[in-house]
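This report refers to the structure that appears directly beneath it.
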Amino acid sequence: MTTTSMKAHLTRRYMFAASHRLHSEEMSPGENRSTYGKCNNPYGHGHNYVVEVTVSGPVDERTGMVCNLADLDGFVGHEILERYDRQNLNLLPEFAKVVPTTENLCIAIYDIVKRGFLHAHLEGIRIEETMMNSFEYAGENTR
Amino acid sequence: MIYLTRKAEFSAAHYYHNPDFTPEENRRIFGKCNNPNGHGHNYTLEVTVKGEVDPKSGFVVDLRQLKDVMNREVLDGLDHRFLNKEVPEFFENIPTTENLAIAIWQRLAPKLNQATLHRVRVYETPDLFVDVYGEQ
């Protein structure tokens, strides 16, 4: 029996903690308050974000793997967790003009992984902002 | 189309080793998982089947039958086993979570007759899981 010709999707969960404030320069103070509610608090607030990175591909016959987990952990550790953990998202360049909602965070993380992680195909990014809210992004023109 | 997911748990031991690699390559590629004495996990299996709802029973699949198939085809052979030494799929293939999910797909797909297998998900730990959909 061969077990190596089928495609597999591998998902790894990571966690980081960061603060943010939802505020748009294009809205009046009243609009910001009505749109973002408590999230518009000028001092910011934080979350324990859980990021799920899903990659896919054929399973390598020699290793039994879609990609080596050490490569994925190394990339995400260096490029995502070091970048976002214990940071204020509003101060990072990608959120200078973009509101750091978890939707936009999904897109930012997807773009970093898509551009830099070349050991497997990126299927998508899923982020849990809290246990009650989660967001998924699989790139443009998908699903 | 309705999708139904049944969960199960099993515990098993494994280690990663390719006899075609040198000892150094095995250690570099597989890291701690290369320890030949093995280590174990509490795996969680999620089996998702899909199909139309039977108008008489209201079921997409008889859950008792699905549970019996999962027990007979998968859990009886994997639970509390050393995968490399006791499970034929892994006498030659490396028992990674990817290959485990594929082996479970191959065991279940031909045995389900009421509904079609949609996805096999295997959690090795709460932070690592693999999905297969039977795609080549």
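The values are calculated or read from the model by the stated rules, or taken from the named source; none is laboratory data. Values in this document were obtained by computation on a predicted structure and should not be read as measured data. Note: ideal-geometry Cβ built from the backbone for every residue, glycine included; neighbour counts use all protein chains shown.
Observations on the model:
- Any chance residue B:22 is closer than 15 Å to residue B:122 by Cβ and either under 19 Å from the mean Cα position of the chain (by Cα) or modelled with pLDDT of 95 or more (or both): no
So that you can scan it fast, the table gives a plain yes or no per residue for (1) within 13 Å of chain A (Cβ to nearest Cβ); (2) touching a Gly at 6+ places or on another chain (Cβ under 7 Å); (3) farther than 20 Å from residue B:131 by Cα:
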| position | (1), (2), (3) |
| --- | --- |
| B:53 | no, no, yes |
| B:61 | no, yes, yes |
| B:75 | no, no, no |
| B:78 | no, no, no |
| B:81 | no, no, yes |
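- Residues in the range B:112-136 that are assigned to a strand (DSSP E or B) and hydroxyl-bearing (Ser, Thr, Tyr): B:116, B:123, B:125.
- Test: residue in the range A:11-26 that is hydrophobic (A, V, I, L, M, F, W, C), out of contact with any helix residue (DSSP H, G or I) (no Cβ under 8 Å at 6 or more places or on another chain) and crowded, with 16+ Cβ neighbours inside 10 Å: no
- Residue that is nearest to the other protein chains (Cβ to nearest Cβ), among those in the range B:6-51 that are among the β-branched types (Val, Ile, Thr) and without any contact (Cβ under 8 Å) to a residue 60 or more places away in the chain: B:29
- Meets criteria (more than 12 Å from the chain's Cα centre (by Cα), surrounded by fewer than 16 Cβ atoms within 10 Å (Cβ to Cβ), more than 14 Å from every other protein chain (Cβ to nearest Cβ) and of a type in the set (A, V, I, L, M)) for residue A:118: yes
- The range A:1-22, subset modelled with pLDDT of 95 or more and more than 20 Å from the chain's Cα centre (by Cα), residue farthest from residue B:120 (Cα to Cα): A:7
- Of the residues making up the range A:51-92, those that are facing chain B (nearest Cβ under 9 Å) and among the aliphatic types (A, V, I, L, M) are A:59, A:65, A:66, A:69, A:70.
- Number of residues in the range A:62-80 that are crowded, with 16+ Cβ neighbours inside 10 Å and either modelled with pLDDT under 95 or aliphatic (A, V, I, L, M) (or both) equals 6.
- Pair list, Cβ under 7 Å, 6 or more apart: the range B:116-136 residue more than 9 Å from chain A (Cβ to nearest Cβ), other residue surrounded by fewer than 14 Cβ atoms within 10 Å (Cβ to Cβ) and in a strand (DSSP E or B): B:118/B:3
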